[in-house]
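**Q** This is the structure, below, for whatever I ask next.
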Amino acid sequence: MELTEKKHRKRRASSTAVDSSATSSEHHNSEAEDRKQSTLAAVRKRKYRHQTAKRNLEAGLIDISVAESTDTIVSIHDCGTMRVECQHCRAKFFASERLSHSSMRNPKFGLCCGDGKIKLWTVPEPPEPLATLLTDTSQRCRLFRRNIRRYNCALCMASMQANEVTFSQGPSAFKVHGEIYRFIGPMHHSEGQQPKCLQTFFVDATMQASVGVERFGEIDTDLMTDLREMLQLNNSYVRSFVSIDEQLQSGLLPQSGTAGGPSSE
Ligand SMILES: [Zn+2]
């Protein structure tokens, strides 16, 4: 009985040893297979990179994977300074923008005036005090230039009208659909209403300046008065409107509503 039990134990032990040996062998086979696959993958990867680098080299491209930094990826292209002038209209260009048949010594350009084929009007010098305000380095002039848009808005005579299209999603955008037109409205503002645009030229200068401050922010009221006087002297539109108003006030022109209507006489 004891002998039989020993045999059984020995057989079980032997069986366990065989199982353990088989498991260990499978494990080793699996590891070897993994290593083999890994090696093959590395070879394929090297081969692919080599072929890609070769293709890029042939195409004149730089292999990003071997480039040390973006400095080596993007080569610097220096086209000089934009200070070569068109001899006709004095527009400034880079030297490389010249017409292909012209030389560096005598460059010619086609993007501006078509090498002198189109005669451009010279921009007239602005009247005073605008000329000084645009060029002087005083504190007053520098402040004017910093807020020039406010003065421009405060002295505008018309507002732009368009059918605005807004979108519920995406970045803010202003899309005009249809025709753009300028709206000037009546020359005089209604009682109890704030004058706007052209109407501000038919109230006194102080009120025009205060309307500008209220609508567009802090502006120099003395400067506004100077600019208003400049426009009244030099701007043909302001002069025309003032002239029409004077004629209306003096009775030389018929008031609105009577023009072209049937005569009462
Ligand atoms: Zn030109």
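**Q** Inside the range 118-139, can you point out the residues that are part of a loop (DSSP other than H, G, I, E, B), closer than 26 Å to Ala91 by Cβ and hydroxyl-bearing (Ser, Thr, Tyr)?
**A** Scanning the range 118-139 gives a single hit, Thr122.
**Q** Conditions: (1) free of Cβ contacts under 8 Å to residues at least 60 places away in the same chain; (2) more than 30 Å from Val84 (Cα to Cα); (3) touching a helix residue (DSSP H, G or I) at 6+ places or on another chain (Cβ under 7 Å). Gly170 meets all but one. Number of the miss?
**A** Evaluating Gly170 over (1) free of Cβ contacts under 8 Å to residues at least 60 places away in the same chain; (2) more than 30 Å from Val84 (Cα to Cα); (3) touching a helix residue (DSSP H, G or I) at 6+ places or on another chain (Cβ under 7 Å) leaves (3) as the failure.
**Q** Sort out which residues of the range 78-90 are within 11 Å of the ligand (Cβ to nearest atom) and either within 30 Å of Asp226 (Cβ to Cβ) or among the polar types (S, T, N, Q) (or both), and write them in order of number.
**A** Residue satisfying the conditions is Gln87 alone.
**Q** Can you name the condition, by its number, that Leu198 falls short on among (1) farther than 30 Å from Ala91 by Cβ; (2) part of a loop (DSSP other than H, G, I, E, B)?
**A** Unmet for Leu198, out of (1) farther than 30 Å from Ala91 by Cβ; (2) part of a loop (DSSP other than H, G, I, E, B): (2).
**Q** Still on this structure: Within the range 91-125, how many residues are near the ligand (Cβ under 8 Å from one of its atoms) and of a type in the set (Asp, Glu)?
**A** Qualifying residue count, the range 91-125: 1.
**Q** When you go through Arg142, Arg182, Arg150 one by one, which is the residue that is of a type outside the set (Val, Ile, Thr) and either within 16 Å of the ligand (Cβ to nearest atom) or in a strand (DSSP E or B) (or both)? Steps first, answer last, please.
**A** Numbers: Arg142 fails: either within 16 Å of the ligand (Cβ to nearest atom) or in a strand (DSSP E or B) (or both); Arg150 fails: either within 16 Å of the ligand (Cβ to nearest atom) or in a strand (DSSP E or B) (or both).
Within the list Arg142, Arg182, Arg150, the selection yields Arg182.
None of the figures in this text is laboratory data; all of them are computed from the coordinates on show. Everything numeric here is computed off the predicted structure, so don't read it as measured data. Note: ideal-geometry Cβ built from the backbone for every residue, glycine included; neighbour counts use all protein chains shown.
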